[in-house]
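Read the structure below first, then the notes.
The values are calculated or read from the model by the stated rules, or taken from the named source; none is laboratory data. If you're wondering where the values come from, they're calculated on a predicted model, not measured in any experiment. With ideal geometry, Cβ positions are generated from the backbone for all residues, glycine too; neighbour counts draw on all protein chains shown.
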Amino acid sequence: MDGLRVNKKTETNIKLPLSFIFFGLVAFVVAQFIFLMNSGALTSGAFRIPEVLMGAHFLLLGWVVMVIMGAMYQLVPVAFLTPIWSEKLGFIQFVITAVGIIVFSVLLGWKINLTVYGAIILIIGILLFLFQMIMTLKKQEEKTILTSFVMAALLCFLITISAGLVLAASIAFGTSFNYSAILHSHILLGVAGWFTLLIFGFSYKLVPMFSLSHGFSMKGSGVAFVSYILGLAVLLVSFWTDFGALASVGWGLLWVGFTCFCLDIREILNKRLKKGLDRPFVFSLLAIGYGWLIHTAIVILRMFGVQDEHVWSWLIFLYIVCWVMFSILGYLYKIVPFLWWTFKYSNQVGKANVPLLKDMINEKLGVILFGVFTVGTLGLAIFGIPQLSFAVTFFLVVMLIASIGYFVSIVLVVKK
Amino acid sequence: MGLVEKVTEVLYEVIDPELGINIVDLGLIYKVDVKENNDVIVTMTLTTPGCPLHDSIVGGVESAIYFLDEVGKVDVQLVWKPAWTPEKMSDKAKTVLMG
């Protein structure tokens with residue numbers, strides 16, 4: 001047996017990912033509360049008022065970005081077989097980013113002309129994160145398609161925050177430039193670039209792992225990567241040239257990329273050995289289906305020339321919630337129990353009876369919560385488009401209750 | 001019972017916490033060698049490179065073997081070649097996973 005020995009320590013100090021994840025959970029609840037307080041504005045489609053922007057940034061930066069950062073601190077070392085470059089830098093980066101997100105989001109809601117100062121703190125935190133990840137990935141011995149997805153996602157993130165800083169500066173100092181193009185680039189690269197490419201990349205690792213799949217090809221991954229990147233690039237050009245036909249091509253390319261990714265995931269699942277999949281993981285898989293449906297809906301709307309900003313705003317909402325947020329909600333039900341299990345029981349393996357990972361979290365409660373999130377989100381979209389205020393408020397309450405329930409269910413893990 | 005058999009037996013106590021199956025039935029143990037001075041060398045793999053349970057399972061193998069009083073040093077060699085395949089699983093493990 002001449003196999004290469006690979007005994008390497010890949011565990012990260014769990015305080016680092018958990019710090020990000022718990023900050024994210026609090027921000028998640030705060031965002032839902034802000035949305036509920038502004039249900040009238042949401043119903044009327046006023047998505048760009050300061051209070052809604054504050055809620056959106058608590059959701060996207062405070063919840064999604066922080067949870068992704070935390071998850072990456074745990075997943076990158078194990079998926080890329082390389083330790084985090086500097087855990088100390090990780091903790092410093094956590095504090096700066098957390099302060100930056102709070103200051104930036106609160107200023108967005110209350111003193112929008114001062115947001116640039118919050119943005120500067122936030123960007124320092126994010127740049128430190130990007131530096132940390134690049135230094136970590138540089139040490140990876142064998143680069144894979146997963147590396148390409150993650151590197152491209154990090155690049156999109158860098159451009160997103162740069163565009164965000166320009167937007168904040170324009171509000172503070174009133175500089176004149178193509179505001180609309182920068183705003184659209186900021187949203188596209190933040191949502192479709194950074195989030196989607198990252199979920200693609202890690203799904204190629206996590207889906208086979210959680211389903212114990214074997215003998216799959218991932219033959220669509222290259223096309224998925226190139227097509228999605230091309231789609232993003234074409235859409236960026238369309239924003240800056242205001243050339244509508246290019247936008248249709250761009251969305252079409254994103255659809256092709258997403259479809260190739262879906263076909264790969266389908267093959268992985270078809271070749272799985274574990275027939276009974278964990279429910280939270282199934283929820284993340286459903287998010288992939290929702291993501292494909294949303295991409296398809298966007299292509300169809302482009303084909304029929306639907307330009308209604310209200311409809312597009314709700315589509316972006318569905319993209320963020322059903323695809324990005326639901327993926328994270330499901331995966332977090334796997335990641336947090338793993339982190340806590342590692343901390344509490346890892347050194348007892350082989351010595352005593354230790355619980356299984358699925359014993360660490362209440363899966364039944366998770367199924368209920370995932371159901372409530374789905375109903376809440378669909379209710380918001382169905383009643384939000386025709387602007388039925390009472391129903392929108394009701395479903396915002398549902399989302400707030402679900403987010404508190406989710407927060408509690410994760411906290412209960414660390415009580416075990 | 002020889003030391004190789006004893007070591008293999010205690011490895012049945014090391015459970016993959018994600019799958020709930022012991023690592024011997026999963027086919028993760030490739031070889032158990034015992035030197036003249038009772039040092040033990042275990043050559044093993046995981047179902048996939050980049051398994052998050054990497055350190056826990058390797059540590060678990062060491063702990064389980066050190067339970068045996070007569071064992072000297074334990075060296076766990078984790079290898080990716082040959083790669084794990086489902087055929088390496090026991091029938092029992094296949095039944096648990098695939099029904």
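State whether the residues of the range B:44-62 include one that is of a type in the set (S, T, N, Q) and more than 7 Å from every other protein chain (Cβ to nearest Cβ). Break it down stepwise before answering.
Taking the range B:44-62 and keeping what is of a type in the set (S, T, N, Q), we get B:45, B:47-48, B:56.
From what is left, the residues that are more than 7 Å from every other protein chain (Cβ to nearest Cβ) are B:45.
Within the range B:44-62 (the criterion being of a type in the set (S, T, N, Q) and more than 7 Å from every other protein chain (Cβ to nearest Cβ)), the answer is yes, since at least one residue qualifies.
Within the range A:1-48, restricting attention to residues that are assigned to a loop (DSSP other than H, G, I, E, B) and away from chain B (no Cβ under 14 Å), the residue that is modelled with the highest pLDDT is A:N38. Within the range A:207-266, the set of residues being in contact with a Cys (Cβ under 6 Å, 6 or more places away or on another chain) and either within 14 Å of another protein chain (Cβ to nearest Cβ) or not in a helix (DSSP H, G or I) (or both) comprises just one member, A:G220. Suppose the filter is of a type in the set (D, E, K, R), out of contact with any Ser or Thr (no Cβ under 7 Å at 6 or more places or on another chain) and surrounded by fewer than 17 Cβ atoms within 10 Å (Cβ to Cβ); does A:K143 pass it? Criteria met by A:K143.
Can we say A:I268 is within 30 Å of A:F22 (Cβ to Cβ), touching a helix residue (DSSP H, G or I) at 6+ places or on another chain (Cβ under 9 Å) and aliphatic (A, V, I, L, M)?
no
Across the range A:54-78, the number of residues qualifying as under 16 Å from A:F22 (Cβ atoms), among the hydrophobic types (A, V, I, L, M, F, W, C) and within 12 Å of chain B (Cβ to nearest Cβ) comes to 1.
Quick check on this structure: which one of A:G100, A:G190, A:G90, A:G164 is without any contact (Cβ under 8 Å) to a residue 40 or more places away in the chain and either surrounded by fewer than 16 Cβ atoms within 10 Å (Cβ to Cβ) or assigned to a helix (DSSP H, G or I) (or both)?
Working: A:G190 fails: without any contact (Cβ under 8 Å) to a residue 40 or more places away in the chain; A:G90 fails: without any contact (Cβ under 8 Å) to a residue 40 or more places away in the chain; A:G164 fails: without any contact (Cβ under 8 Å) to a residue 40 or more places away in the chain.
One residue alone meets the criteria, A:G100.
Restricted to the range A:308-358, and to residues there that are free of Cβ contacts under 8 Å to residues at least 24 places away in the same chain and more than 9 Å from every other protein chain (Cβ to nearest Cβ), the residue that is nearest to A:I199 (Cα to Cα) is A:L315.
Does A:F304 count as more than 23 Å from A:V414 (Cα to Cα) and either of a type in the set (F, W, Y) or within 14 Å of chain B (Cβ to nearest Cβ) (or both)? It is true that A:F304 is more than 23 Å from A:V414 (Cα to Cα) and either of a type in the set (F, W, Y) or within 14 Å of chain B (Cβ to nearest Cβ) (or both).
Let's see how each residue does on (1) without any contact (Cβ under 8 Å) to a residue 40 or more places away in the chain; (2) surrounded by fewer than 16 Cβ atoms within 10 Å (Cβ to Cβ); (3) not charged (D, E, K, R):
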residue	(1), (2), (3)
A:T241	yes, yes, yes
A:T259	yes, no, yes
A:I268	no, no, yes
A:R272	no, no, no
A:D278	no, no, no
A:F281	no, no, yes
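Considering (1) over 25 Å from A:I268 (Cβ atoms); (2) in contact (Cβ under 8 Å) with a residue 60 or more places away in the chain; (3) within 21 Å of the chain's Cα centre (by Cα), the lone condition that A:N178 does not fulfil carries the number (3).
Number of residues in the range B:22-47 that are assigned to a loop (DSSP other than H, G, I, E, B) and surrounded by fewer than 17 Cβ atoms within 10 Å (Cβ to Cβ) equals 5. The residues of the range A:381-416 that are part of a helix (DSSP H, G or I), over 24 Å from A:N362 (Cα atoms) and free of Cβ contacts under 8 Å to residues at least 12 places away in the same chain, listed by number, are A:I382, A:F390. Scanning the range B:68-92 for residues being more than 7 Å from chain A (Cβ to nearest Cβ) and in a loop (DSSP other than H, G, I, E, B) gives a total of 10.
Name the residue, out of A:G190, A:G125, that is under 30 Å from A:V237 (Cβ atoms) and either in contact with a Cys (Cβ under 8 Å, 6 or more places away or on another chain) or of a type in the set (G, A, S) (or both). Explain how you work it out, then say what you get.
On the way: A:G125 fails: under 30 Å from A:V237 (Cβ atoms).
Only one candidate passes the filter, namely A:G190.
Against the numbered list (1) surrounded by 21 or more Cβ atoms within 10 Å (Cβ to Cβ); (2) touching a residue at least 40 places away in the same chain (Cβ under 8 Å), A:G252 comes up short only at (1). Hey, does the range A:269-280 have a residue that's more than 21 Å from the chain's Cα centre (by Cα), assigned to a helix (DSSP H, G or I) and at pLDDT 95 or above? Yes, the range A:269-280 has at least one match. As an exercise: evaluate A:L253 against (1) touching a Ser or Thr at 6+ places or on another chain (Cβ under 7 Å); (2) farther than 23 Å from A:V306 by Cα; (3) at pLDDT 95 or above and give the number of the one condition it does not meet. Just one mismatch for A:L253, condition (2).
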